[in-house]
Amino acid sequence: MQQIKNYINGQLIEPASKAYLDNYNPATGKVYSLIPDSDEKDVELAYAAAKNAFKEWSITPKEKRSQYLLKIAALIEKNLDKLSLAESIDNGKPLKLAKSIDIPRAAANFHFYGTGILHYAAHAHSMEETAINYTLRQPVGVAGCISPWNLPLYLFTWKIAPALAAGCTVVAKPSEVTPMTAFLLSELCIEAGLPAGVLNIVHGLGPKVGNAIVSHKDIPLISFTGGTATGKHIASIAAPMFKKLSLELGGKNPNIIFADCNYEKMLSTTLLSSFSNQGQICLCGSRIFVERKIYEKFKTDFIAKTKTLNVGDPLNENTKVGAIVSKTHHEKILSYIDLAKTEGGKILCGGKALKLNGEHADGYYIEPTIIEGLDYKCRTNQEEIFGPVVTITPFDTEEEALKMANSTIYGLASIVWTENLTLAHRIANNIHAGIVWINCWLLRDLRTPFGGVKASGVGREGGFEALDFFTEPKNVCIKL
Ligand code: NAD
């Protein structure tokens with residue numbers, strides 16, 4: 001059985017404990033590889049390597065750093081098929097999705113920051129004839145990067161690429177639920193000739209490896225993407241140590257549909273924003289608010305479309321909805337469907353685990369589920385489910401739609417469908433979210449600020465914001 005290795009100081013090595021965790025294929029429910037069960041000893045080794053590498057890497061000309069990043073991007077592209085297959089097996093997502101979104105985006109992350117760093121500039125502030133101030137932007141040091149399982153390589157590289165571009169060295173931990181493509185990335189970094197210790201990848205459990213990174217006294221900044229409860233825990237450790245923190249957390253995103261929208265475009269995109277990646281994208285619109293005038297028509301058409309979605313083997317070309325990432329998460333989603341029923345929700349379609357045949361009989365599948373009849377304040381409508389489950393709710397006025405949309409503790413993304421430009425601007429202005437998509441979903445320009453408000457996070461990734469995060473501004477004032 002394949003054994004994943006840690007990537008420390010340029011080498012693929014065993015964990016100090018020599019112990020391994022099982023890695024499951026969610027499509028079959030079977031163990032198919034082993035993950036290092038690392039601990040603080042491995043984090044310490046990785047930190048020492050990163051600290052040592054920082055001396056050179058932080059003063060390596062940005063043109064040279066750029067070349068390494070572009071080389072890694074090219075290697076990811078070259079290995080598209082291999083990485084996509086690995087991602088699909090590890091995560092349960094349709095192979096088609098991994099090949100069209102996840103892996104190309106991982107390459108794009110390295111490409112974007114490999115070129116972005118060449119255009120990154122700092123400010124100068126002139127005090128007329130008295131003095132001139134200029135700002136140095138210096139890499140902060142060894143960065144701790146921790147990522148989740150839903151878009152494994154996509155989100156892992158979204159942190160690592162800007163950190164490396166900015167001149168930081170990195171100790172990174174991918175999710176223990178989906179470690180495979182991070183492991184394959186370490187092989188590609190070796191192939192690219194990335195200097196030893198610049199990137200270190202330590203595999204293992206959050207409370208062990210993640211916690212050791214977060215509480216390490218000499219790691220001055222943490223970039224974390226994951227659940228809100230974990231983010232809260234991380235902040236409680238890191239804030240008293242005055243670490244720089246970037247927290248990209250959970251969401252419960254509203255999808256607000258007005259009657260004047262481009263109906264067909266809205267319907268096909270809403271299908272995607274509801275069920276892509278089995279609804280396990282932090283940006284999915286899981287609360288759908290529909291103007292009452294078109295509510296019944298929407299309901300009929302949306303149910304009909306949802307019923308056409310093929311749930312099944314992620315490796316099958318025709319599969320639209322693959323497997324849920326793990327047994328635990330499968331159970332969590334089903335428990336929310338039960339909760340919805342007790343809260344008075346009516347299951348319009350789906351609502352059950354799906355049992356496949358043959359080698360997939362023990363896989364973790366759930367039918368895409370639409371629920372109606374729930375109060376906007378109930379737990380189903382307030383808590384993040386993170387699965388193929390959406391609720392639909394009618395509204396009469398713009399104020400009512402906004403009140404319901406803004407009612408959760410979260411504020412990550414939002415979606416608005418209307419052809420009325422003034423209304424769209426007004427909603428964008430008043431909605432509690434870091435991202436507003438009008439008449440589209442998941443359309444991404446990597447230069448834009450990415451992140452959420454309220455319990456969805458602190459700070460922004462993307463564009464120069466990420467380079468700002470991984471560098472420390474230092475003002476130098478010269479008296480003339
Ligand atoms: P999670 O919080 O359970 O785990 C995320 C990472 O943190 C994993 O690598 C995990 O091992 C690690 N971790 C767990 N406990 C830790 C601890 N005590 N100290 C340090 N690290 C620890 O989240 P998940 O279940 O992997 O991912 C799903 C969540 O991520 C959802 O809530 C989703 O909304 C969120 N998410 C947010 C974004 C965003 O950009 N805002 C993107 C994707 C996913």
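The values are calculated or read from the model by the stated rules, or taken from the named source; none is laboratory data. Please read all numbers here as calculations on a predicted model, not as lab measurements. Here Cβ is always computed from backbone atoms with ideal geometry, including for glycine, and neighbour counts include all displayed protein chains. Ligands, DNA and RNA are excluded from the accessible area calculation, which covers all protein heavy atoms including side chains. Shrake-Rupley method; radii C 1.70, N 1.55, O 1.52, S 1.80 Å.
For region 453-471 and region 343-366, what is the centre-to-centre distance using only Cα atoms, to the nearest Å? Taking the Cα centre of each part, region 453-471 and region 343-366 sit 37 Å apart. Taking Phe156, Phe54 and ordering them by how much accessible surface each has at a 1.4 Å probe, largest first, produces Phe54, Phe156.
Rolling a 1.4 Å probe across all protein chains gives Trp149 an accessible area of roughly 40 Å².
Any idea which of Gln11, Val311, Phe386 is furthest toward the positive side of the dipole for the chain, if Lys and Arg beta-carbons carry +1 and Asp and Glu beta-carbons -1? It is Gln11, whose Cα lies furthest towards the positive end. Region 374-439 to region 114-176: how many Å between their Cα centroids? That distance is 32 Å.
Per-residue surface analysis assigns Asp81 an accessible area of about 100 Å², computed on protein heavy atoms at 1.4 Å probe radius.
The heavy atoms of Lys320 offer some 120 square angstrom of accessible surface to a 1.4 angstrom probe. Approximating the spin labels as points 7 Å out from Cα along Cα→Cβ, the Ala229-to-Asp362 distance works out to 2.6 nm.
Using 0.36 nm per residue and subtracting the Cα-Cα separation, the extra length available between Thr448 and Lys352 on full extension is 30.7 nm.
Here the label points at Ser126 and His425, each 7 Å from Cα along the C-beta direction, are separated by 3.5 nm in the simple model. Peptide packing for 226-232, 237-243, 414-420, 275-281 was compared via the average number of neighbouring C-beta atoms within 10 Å per residue; ordered from the highest value, the list is 275-281, 414-420, 226-232, 237-243. Note on surface exposure: Ser335, Ser326, Ser273 rank Ser335, Ser326, Ser273 by accessible area, highest first, 1.4 Å probe.
Per residue, the solvent-accessible area of the chain (1.4 Å probe, heavy atoms of protein chains only, all protein chains present) comes to 40 Å². Here is the list for region 53-140: GluC sites (Glu not before Pro) lying in DSSP coil, each with at most 15 other C-beta atoms within 10 angstrom of its C-beta, are Glu128, Glu129. Amide H contacts for Asp260 (H built 1.01 Å from N in the peptide plane; partners 5 or more residues away or on another chain; cut-off under 5 Å): Glu419. Calculated mean residue ellipticity, 222 nm, the chain: -11500 deg cm²/dmol, from DSSP H runs (n ≥ 4) at -39500 (n - 2.57) each, averaged per residue and rounded to 500. At a Förster distance of 41 Å, what's the computed FRET efficiency of Lys479 paired with His119, Cβ-Cβ distance as r, to 0.05? Result of the calculation: an efficiency of 0.85. Cα axis of helix 103-116 to longest principal axis of the chain: angle in degrees, 0 to 90, nearest 10? On a 0 to 90 degree scale, this one is about 40. State the percentage of accessible surface on region 254-445 attributable to carbon and sulfur atoms; use a 1.4 Å probe and exclude ligands, DNA and RNA. Carbon and sulfur: 51 percent of the exposed surface of region 254-445. All other residues whose Cβ lies under 15 angstrom from that of Cys440 are scored, Lys and Arg at +1 and Asp and Glu at -1, for a net of -1.
The fraction of Cα-Cα pairs per 5 angstrom bin, counted from 0 for region 254-445, comes to 1, 8, 18, 21, 21, 15, 9, 5, 2, 1, 0 percent, rounded to whole percents. Ranking Trp437, Val325, Tyr263 by Cα position along the charge dipole of region 254-445, where only Lys, Arg, Asp and Glu carry charges on their C-beta atoms, puts Val325 farthest toward the positive end.
Just reorder Ser223, Ser126 by solvent-accessible area, largest first, 1.4 Å probe, all chains present. Provide the component values of the computation, followed by the final result.
Working: Ser223 0, Ser126 75 Å².
So, going from the largest accessible area down, we get Ser126, Ser223.
Whole Å is fine, so just give me how far the alpha carbon centre of region 13-83 lies from that of region 234-280. Using only Cα atoms, the two centres lie 27 Å from each other.
Each label point was placed 7 Å from the Cα along the Cα-to-Cβ direction; for Lys265 and Lys332 their separation is 3.5 nm. 3J(HN,Hα) along region 299-316, derived from phi through the Karplus expression 6.51 cos²θ - 1.76 cosθ + 1.60 where θ = phi - 60°, amounts to 4, 4, 5, 5, 4, 4, 5, 5, 5, 7, 6, 7, 9, x, 3, x, 7, 6 Hz, with x in place of Gly and Pro. Between 0 and 90 degrees, the angle of helix 228-238 with respect to the longest Cα principal axis of the chain falls at about 20 degrees. The angle between the Cα long axis of helix 40-57 and the main principal axis of the chain comes to about 60°, on a 0 to 90 degree scale. Placing a label point 7 Å from the Cα of Lys62 along the Cα-to-Cβ direction, the residues of region 131-151 whose backbone N falls under 20 Å from that point are 133-143.
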